[in-house]
1. Work out the charge dipole of segment 1-68 with +1 on the Cβ of Lys and Arg and -1 on the Cβ of Asp and Glu about the Cα centre, then indicate which of L29, L44, C61 is farthest towards its positive end.
2. Just the number, please: carbon plus sulfur as a percent of the accessible area of the chain, 1.4 Å probe, no ligands or DNA/RNA counted.
3. Over the Cα atoms of segment 212-312, what radius of gyration and what Dmax do you get, in Å?
4. Pick out which of I318, I381, I125 has the largest mean-square fluctuation in a Gaussian network model of the chain, springs linking Cα atoms closer than 10 Å.
5. If you average 1/r across every pair of different Cα atoms in segment 89-203 and take the reciprocal, what Kirkwood value do you get, in Å?
6. If one computes P(r) from the Cα atoms of segment 1-149, what percent of pairs lie at distances over 23 Å?
7. How do L37, L114 rank by accessible surface area computed with a 1.4 Å probe, from largest to smallest?
8. Across segment 39-47, in residue order, what do the Karplus-derived ³J(HN,Hα) couplings come to in whole Hz, using 6.51 cos²θ - 1.76 cosθ + 1.60 with θ = phi - 60° and x for Gly and Pro?
Amino acid sequence: MESLKRKINEIKFKDIEDILVGDMLHYRLEEAGNGDLRNIFSMLFFKNYDFKVSGNPDTLCFSGCGKNRKDQMDAFCGVVELINNKVTMVQSEKKFSFIGLKNIAKLLVWNKQLKTVVPDKNKRIFLVGNMFHAYLAFKLFEQNKKRYSWNINKLVTFCDVLPTDYFFLSKLNDECDITVTLQHGVYPITTNKWAYSGSRSKYFLLDSQHTVDGAIMSGYKGKPLAVGSIHNMNKTVEERVPVKNDVIGVFCNSVMFPEEDNTEMIRVVEAFCEAKGKKLLIKLHPTNDVAKYEKIINKQVSTICDKNITVDEFAEQIELAIVGISTVFTAMLFKSVPAFIFFRKGYDQNLYLNSEDVKFSTTERLKTLVEKIDTEEFNKIMECYKNYYLLSGNIKENYKRVFKEIGINDDK
């Protein structure tokens, strides 16, 4: 994959010669990515971004996050709401537009250029589609910037290693005095350093000291700042009365990770539940195939919950959480729900640094961990983890303070 990325970076794609397209498509190169011509056809005749202006805008707040991830969209909008003078640009319902059709020549030329290193037609269409989406989004921004005379010199992105956000940052990084990207997840630096090292923003607003350490270890070259999770903007760490209902909850990994991690996690925890007379409630990731998992679970022990249930709602139904390669571990710490981390033997992604006290890969190890719950030793471990993986205090005020300190918000 790195070899292909370097080859794509070497191509000077027409009219976007300043973009390292291989870097921009980093995560897309890892995906199977069957090209969908219907998606490209839709881009020719529709636009799907809206603009919202507040004050005298000098900051562009951009997110290429799709509408299918409402949780991420809401978190981003909650953060940028704290910025005084801004243009917020996020995905919306499709609206008729000729902007894609006017730029169809770019699509055809890029496809021809990319063919030199990506001969597979389906893969190439998938990658060119991502390039075209990013290009059209930026063209739409430029049109509106010129039309309304916006003087943009600051940029806040949702995640600047995703294609469209990366495109915007690459185009605006030199002319913007301040560039900021946000953290929406926790990344295993053993296998995914790019989430940090690939960032080109001058500031990375992170959720804890743990992720600041991860960014530094991964080689992030900007300034990492621990501010708090964007998902906990209006929350405080909960002190929860322990639930004892004999229900254990499993949070499955996304399809970005091997399916074997999920199936082995379910198998190990099911064996424990069966031995202890407990029930297992499974929350699949939105990207998981429900029908596939329905076939492999032991229905005498396990139940797959409704896909629309929120993490908070799920947490209220369980006495113990089991997570794999997931940000949910910190969400459980935030809610004071006991949580353990499963890893498949030989494939530990080490998502959470220094978390050995709560990790397991076998039923026997899980049994040992469960026996420690509610002991003084366990409570001390949880308190230590809260201090490292979470940020205390008022997170909204943290963001307000940091936005002022780095110059996103000023008193003018």
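The values are calculated or read from the model by the stated rules, or taken from the named source; none is laboratory data. This structure is a prediction, so every number in the text was calculated from the model and none was measured. A quick note on method: Cβ atoms are made from the backbone with ideal geometry, for glycine too, and the neighbour counts reach across all protein chains shown. Ligands, DNA and RNA are stripped out before the accessible areas are found, and what is left, the full protein with its side chains, is counted by its heavy atoms. Shrake-Rupley method; radii C 1.70, N 1.55, O 1.52, S 1.80 Å.
1. Going by the charge dipole, the pick is L44.
2. Of all accessible area on the chain, carbon and sulfur atoms account for 50 percent.
3. Values for segment 212-312 (Cα only, Rg and Dmax): 17.5, 51 Å.
4. I381
5. Here the Kirkwood hydrodynamic radius works out to 16.1 Å.
6. Percentage above 23 Å: 43.
7. Reading off the accessible areas and sorting them downward yields L37, L114.
8. With coefficients 6.51, -1.76 and 1.60, one gets 5, 5, 4, 4, 5, 5, 10, 9, 10 Hz.
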